[in-house]
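Each remark here refers to the structure printed beneath this line.
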C-alpha cells in the first residue's frame, strides 16, 4: 500500500494517474515474488451471448517466499474460484487487482500451479486495435466473426494473468472452444481438434513454445479456410511454415496477395536476423479490425490492399513487430517507442530492400510529415502508461533511427549494429538503457545526449543561421544549434562548395562558415539526413 501511495504522490496531476493505473503498472512485492512460466488456458466463447467462460492454469516459480500474490483481472469479469493445486484460495479484489491468499506459505524456488476459473462478458472494443477488447462481428453470410486486440487495455481485460510487460510466460497452451461450423485460431502450432467437446462446440488446441507477451495471446473465430504455404529461410538452411486463415470466399485472392510475406521475411531476416518464432510457425489470420502484431498469429484486416509503395502496410508493419515487440519487448509501456520506432523504421528498410534507397527516402519523407513534437516519446514508468496523444513513437522514432544512420555515415557499421541489436536481444525483455548501452558499444560512440534529446524532450533541435556578410567575395554564414540538451552533437550536410554536400557540426555557440561562392540561393541544407528544424534569422 505504501508503495502505491508513494508512486501516486510522485506522479504529476496532469497525467491523471489513478489507483488502478498504479496497481496495473507498478511491480509491488506481491507481483515480484513469482515468475510466470506457463499459461494453460481453457476458453469457451459463446458468440450469441458475447460471453466467455474459462480457466487459466498458471505455472509459476516462486522467486521469494510468499503467502499472498497479485493476479490482474478486469473488475467487470467474474471469478468463480481460485485454487493452488487442489486447495481453494481466498482472495480480495481492488479494481483490476486480485490479491490471492495462499493456503500455506510458498517457499522460494517452488514451482506450482495456480488456477483461476472465470466467466463473464468481456469489454467490447470501441475501436480495435487502439481502444481494445473483444471484437464481436459477423461475416457477409451472417456467421460470427470474432477477434481480440488488447495491447493498450491489457490482457487482464479478459484473462486472469500477471499483466505486466516485464514477465512473459515461457510457453502457452490455448484450448479454444467455439461453436461448431467455426474455426478457433490462436498463437503457435495447432495440436488437435476435439469435436463435440461440449454440445454444439468444438475445441481447438494451440501450443506456443516461445516466450510471449500477454497482449499477444489472442483469439480468432470465424468461418475460416486454411491455406498452407512454406518458404526457405535462415539463409536457405531451414523451411518456415506459412499458415493463413481467411474468410471463406477470400482464399483465392489471399493466396496471391500473401505472397509478399515471403519477401518480407527475406528482408527482415537480412536486416534483423532469423525470424524469431520459427518453431511456432508464422500465421496471418483475417480479423474484423485493421490488424495487430499477435505473436506467430498476426491479425490481418486490410482488405488485401497495397499502398502506393506496392506493399500491404498491415502485413509489413505488424510482422515487423515479430522482431520488435514480440521478440524484443520493452519492460514497461512507458518505453513503447522500442516497439514502434524500430518497427516503423522496418517499413522504410523494406522499401529500401525492394526498391532502393532513393525510394525509401521518399517513404521516410512522407512519414516525417506526421511528426508533431508535442510530447516526449518516453512516458512515466510504473503506471501502465498508454495515454499518448500523437504518433511520434512511430514517425519521430523512425526518424530518430534514420538520423543515427546518417550521423554514423557508415552503412556497413549501421546495419551490423542494427542486426546485432536484434540478434543479441532476441526473446529478451529490455528497456531504453539497454538500447542506449548497446548502440554506444556497437558503434564506438556515445549516444547519451542524442537519446536524451529525442526521447525525453518534446522539441527537436533547431539549426539557426544568418547571412552575416561577405568576405573576399564569398558568402559568410553564421550558424548554431538552439533547443538542444547539454552535450548534444549532430552533423549536418550543407553546400560548403556550390553543388556539393559537406559536413558541418554545429554547436550551441555561433560558428562561422566562409563559403566559396557568392549567391545565397546556392546555400542549401540537407533536411533528409536528420530530424531537425531550420530557422533563418535576420542579421
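FYI, it's all coordinate maths here, none of it is from the lab. A quick note: this is a predicted structure, and the numbers were derived from the prediction, not measured. With ideal geometry, Cβ positions are generated from the backbone for all residues, glycine too; neighbour counts draw on all protein chains shown.
Taking the mean number of other Cβ atoms within 10 Å as a proxy for protection, how do you rank 449-461, 197-209 from highest to lowest?
Put in order of decreasing packing, that is 449-461, 197-209.
In the set (i) 25.9, 93; (ii) 22.9, 69; (iii) 26.3, 84, which value of Rg and Dmax of the Cα atoms in Å was calculated from the structure you see?
Working out Rg and Dmax of the Cα atoms in Å from the coordinates points to (i).
Would you report the distance distribution of C-alpha pairs in the stretch 462-536 as whole percents per 10 angstrom bin, up to the bin with the largest distance?
19, 55, 23, 3
Any chance you could run the full-extension gain for residue 253 through residue 119? It's 0.36 nm times the residue separation minus the Cα-Cα distance, nm to one decimal. Can you show the working numbers first?
Working: separation 134, 0.36 × 134 = 48.24 nm, distance 3.82 nm.
Separation in residues times 0.36 nm, less the Cα-Cα distance, equals 44.4 nm.
Over the Cα atoms of the stretch 328-456, each weighted equally, I'd like the Debye log10 I(q)/I(0) at q = 0.14, 0.16 Å⁻¹, rounded to two decimals.
At q = 0.14, 0.16 Å⁻¹ the computed log10 ratios are -0.61, -0.82.
What distance in nm separates the two pseudo spin-label positions at residue 357 and residue 19, each 7 Å out from Cα along the beta-carbon direction?
Going by the 7 Å Cα→Cβ label model, 5.8 nm.
Sorted by mean Cβ packing within 10 Å, highest first, what order do the peptides 379-389, 283-293 take? Walk me through the numbers before you get to the answer.
Values: 379-389: 18.9, 283-293: 24.1.
Those peptides, ordered most packed to least, come out 283-293, 379-389.
Take residue 130 and residue 366, extend 7 Å from each Cα along the Cα→Cβ direction, and tell me the distance between the two endpoints in nm.
Inter-label distance under the simple model: 1.9 nm.
What is the distance, in nm, between label points placed 7 Å from the Cα along the Cα-to-Cβ direction at residue 486 and at residue 104?
Spacing of the two 7 Å Cα→Cβ label points: 5.8 nm.
Using only Cα atoms, find the angle between the long axis of helix 411-424 and the longest principal axis of the chain, and express it within 0 to 90 degrees, rounded to the nearest 10.
Helix 411-424 sits at roughly 20 degrees to that axis.
Assuming 1.306 mPa s and 10 °C, estimate D for the stretch 380-420 with Stokes-Einstein, Rh taken as the Kirkwood radius over Cα pairs, in µm²/s.
After rounding, the answer is 130 µm²/s.
Taking the alpha-carbon set of the stretch 129-253, what are its Rg and Dmax in Å?
Considering the stretch 129-253 through its Cα atoms, Rg and Dmax are 15.9, 48 Å.
Applying a 10 Å radius around every beta-carbon, put 101-110, 48-57 in order of their mean neighbour count, most first.
48-57, 101-110
Please give the FRET efficiency for residue 112 paired with residue 196, using the beta carbon to beta carbon distance and R0 = 22 Å, rounded to the nearest 0.05.
Between residue 112 and residue 196 the formula returns 0.10.
Report, to the nearest 10°, how far helix 392-408 tilts away from the longest principal axis of the Cα atoms in the chain, using its own Cα long axis and a range of 0 to 90°.
Relative to the chain, helix 392-408 is tipped by roughly 50 degrees.
Taking the 0 to 90 degree range and rounding to the nearest ten, how far is the long axis of helix 432-443 tilted relative to the main principal axis of the chain, both from C-alpha atoms?
Here the helix axis deviates by roughly 50 degrees.
Residue separation times 0.36 nm, minus the C-alpha to C-alpha distance between residue 270 and residue 93: what's the value?
Extending this stretch completely gives an extra 58.9 nm.
Give, in nm to one decimal, the length gained when the segment between residue 462 and residue 413 is fully stretched (0.36 nm per residue of separation minus the Cα-Cα distance).
In short, 14.9 nm is gained.
Tell me what the chain gives for mean residue ellipticity at 222 nm when only DSSP H runs of n ≥ 4 count, each as -39,500 (n - 2.57), the sum divided by the residue total, rounded to 500 deg cm²/dmol.
On the way: 12 runs with 126 residues, N = 539.
That comes out to -7000 deg cm²/dmol.
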